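Contents: one structure, followed by commentary.
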Amino acid sequence: MSGAPDMFTLSDDQIAIRDMARDFATAEIAPNAVAWDEAKHFPVETLRAAAALGMGGIYVREDVGGSGLSRLDAALIFEALATGCPGTAAYLSIHNMATWMIDRFGSDDQRARWVPQLATMACLASYGLTEPGAGSDAAALKTRAVRDGDHYIVDGQKQFISGAGASDIHVVMVRTGGGGPKGISTLVIPADTPGLSFGANEKKMGWNVQPTRAVIFEGVRVPVANRLGAEGEGFKIAMAGLDGGRLNIGACSLGGAQAALDKALAYMRERKAFGQRLDAFQALQFRLADMATELEVARTFLWRAAAALDAKAPDATKLCAMAKRVATDTGFTVANDALQLHGGYGYLADYGIEKIVRDLRVHQILEGTNEIMRLIVARTLIG
Ligand SMILES: Cc1cc2nc3c(=O)[nH]c(=O)nc-3n(C[C@H](O)[C@H](O)[C@H](O)COP(=O)(O)OP(=O)(O)OC[C@H]3O[C@@H](n4cnc5c(N)ncnc54)[C@H](O)[C@@H]3O)c2cc1C
């Protein structure tokens, strides 16, 4: 674990980690991002190459193949990767979240069984919480797991599952008890278990580099040995995963927006109107200054929330919700402004800007919508 010497200065290790991820994004991801989006190609081999550099289990313990890094390190990595393609970085974020849940809440046997293959990404993971009738109100989920000897029989449906159809392991929240959050447990379910099937790959506005499918469970027999933690602890486990997931998604928004701002700067240096370069118009210079400032504000606050999660601070969940809301709203606005600064060319796929805007839009919706982020913060204020 590499801690920052102070809150606002990265250590030499952290700079090296960030540069490694940035170089990988520049060489392996960015040149392909527009084509992958167009072809709806899920770049599994590239993800495995990222895992070979330690990015498959970033904040997972080293005895099972993880990198043992901090949440702040992870935020640096996801921002850097997302400069190449936010959708690719975001799938890696979900994989890391599910892998961490097994490492953090699994027994030694469960950790040894699943985490090493997840850390190398020989196996890919998905996170299954949302259902057709339970999104924001996730504790209303209905997928049932009924005990039958040393197995559970699982019936129900998960909706919008990232990676589904390509991933090997599903970390799924199911109802083993009564209504509400205390009746929920977490099961690790291999994708090839009989009775598990998938809906069609959803047609989406963005995130086309990764599949999104419904996951259907019909009489799926899952060993009780695949349950993480005790019965009834599943909602707590799911929410713990999301604290870090929200930081990562926020970081992906920052990376996408930074790439969009950099593209706008380069474009405005070349493009002329009314006899001068676009970057000579003071109105546009002020816009650029605001974009850079808003991004830096969001980034600085996201690091603060990551440091709080690393320190297991009592207000870490609130800070992660604040950071997710600020970073994803800012990221979308900055990317959309960068598109505007490209004029009509920003709307063309070849310039790579419209893809970033489409990818970042969903970050305001998933891992808890930004309305739900406000709900989490408001609860801490009002009680
Ligand atoms: C591309 C994509 C990938 C996804 N990947 C995953 C995944 O891998 N795993 C997974 O489990 N889920 C995933 N999701 C699901 C995502 O987390 C949910 O879509 C999200 O939580 C919102 O749920 P919902 O769509 O049911 O919207 P609803 O809950 O129906 O919300 C509709 C609107 O009402 C608002 N709203 C709801 N309740 C309140 C309230 N109390 N106060 C104020 N406003 C409220 C919401 O903010 C939203 O604007 C993904 C979604 C998408 C689009």
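The values are calculated or read from the model by the stated rules, or taken from the named source; none is laboratory data. As the structure is a computational prediction, the values presented were derived from the model and not from experiment. Neighbour counts are summed over all protein chains in view; Cβ atoms, including those assigned to glycine, are modelled from backbone coordinates with ideal geometry.
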For this session: Would you please list the contacts, defined by Cβ atoms under 7 Å and residues six or more apart or on different chains, that run from a residue in segment 359-383 that is in contact (Cβ under 8 Å) with a residue 60 or more places away in the chain and under 17 Å from GLY331 (Cα atoms) to a residue that is hydrophobic (A, V, I, L, M, F, W, C) and within 7 Å of the ligand (Cβ to nearest atom)?
Result: ASP359/TRP207; VAL362/TRP207
Seminar exercise, completed: Exactly one of ILE169, ILE153 is modelled with pLDDT of 95 or more and away from the ligand (no atom under 15 Å from the Cβ), and that one is ILE153
Seminar exercise, completed: Selection from segment 37-49 of residues surrounded by 14 or more Cβ atoms within 10 Å (Cβ to Cβ) and under 14 Å from GLU354 (Cα atoms) yields ASP37
Problem set entry | Residue count, segment 76-96 (criterion: of a type in the set (Gly, Ala, Ser) and away from the ligand (no atom under 16 Å from the Cβ)) | 2
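This table checks each residue for (1) of a type in the set (Gly, Ala, Ser); (2) closer than 16 Å to ASN208 by Cα; (3) over 18 Å from the mean Cα position of the chain (by Cα).
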position: ALA52; (1), (2), (3): yes, no, yes
position: ILE58; (1), (2), (3): no, no, no
position: GLY65; (1), (2), (3): yes, no, yes
position: GLY84; (1), (2), (3): yes, yes, no
position: TRP100; (1), (2), (3): no, no, no
position: GLY106; (1), (2), (3): yes, no, yes
position: ARG113; (1), (2), (3): no, no, yes
position: GLY128; (1), (2), (3): yes, no, no
position: ALA139; (1), (2), (3): yes, no, yes
For this session: Confirm whether LYS158 is in the same structural domain as SER136 (by TED's automatic domain parsing) and within 11 Å of the ligand (Cβ to nearest atom).
Result: yes
For this session: Grab the helices (runs of 4 or more DSSP H) fully contained in segment 276-381, keeping just those with 3 or more residues being hydrophobic (A, V, I, L, M, F, W, C) and away from the ligand (no atom under 16 Å from the Cβ).
Result: 282-310, 316-341
For this session: Go through segment 97-139 and give me each residue that's more than 15 Å from the ligand (Cβ to nearest atom), among the β-branched types (Val, Ile, Thr) and surrounded by fewer than 23 Cβ atoms within 10 Å (Cβ to Cβ).
Result: THR120
Problem set entry | Single match in LEU284, LEU341, LEU302 (criterion: surrounded by fewer than 21 Cβ atoms within 10 Å (Cβ to Cβ) and touching a Leu at 6+ places or on another chain (Cβ under 7 Å)) | LEU284
Exercise. Hey, any hits in segment 190-199 for a residue that's among the β-branched types (Val, Ile, Thr) and in contact (Cβ under 8 Å) with a residue 60 or more places away in the chain?
Worked result: no
Problem set entry | Test for VAL174: is it over 21 Å from the mean Cα position of the chain (by Cα), crowded, with 21+ Cβ neighbours inside 10 Å and either free of Cβ contacts under 8 Å to residues at least 24 places away in the same chain or more than 15 Å from the ligand (Cβ to nearest atom) (or both) | no
For this session: Taking ALA200 as meeting all but one of (1) over 30 Å from ALA33 (Cβ atoms); (2) away from the ligand (no atom under 13 Å from the Cβ), write down the number of the exception.
Result: (1)
Exercise. Do the conditions hold for GLY256, that is, is it out of contact with any Pro (no Cβ under 6 Å at 6 or more places or on another chain) and either at pLDDT 95 or above or not aromatic (Phe, Trp, Tyr) (or both)?
Worked result: no
For this session: Kindly list the number of the only condition in (1) of a type outside the set (Gly, Ala, Ser); (2) outside any loop (DSSP other than H, G, I, E, B); (3) within 16 Å of the ligand (Cβ to nearest atom); (4) under 16 Å from VAL220 (Cβ atoms) that fails for VAL146.
Result: (3)
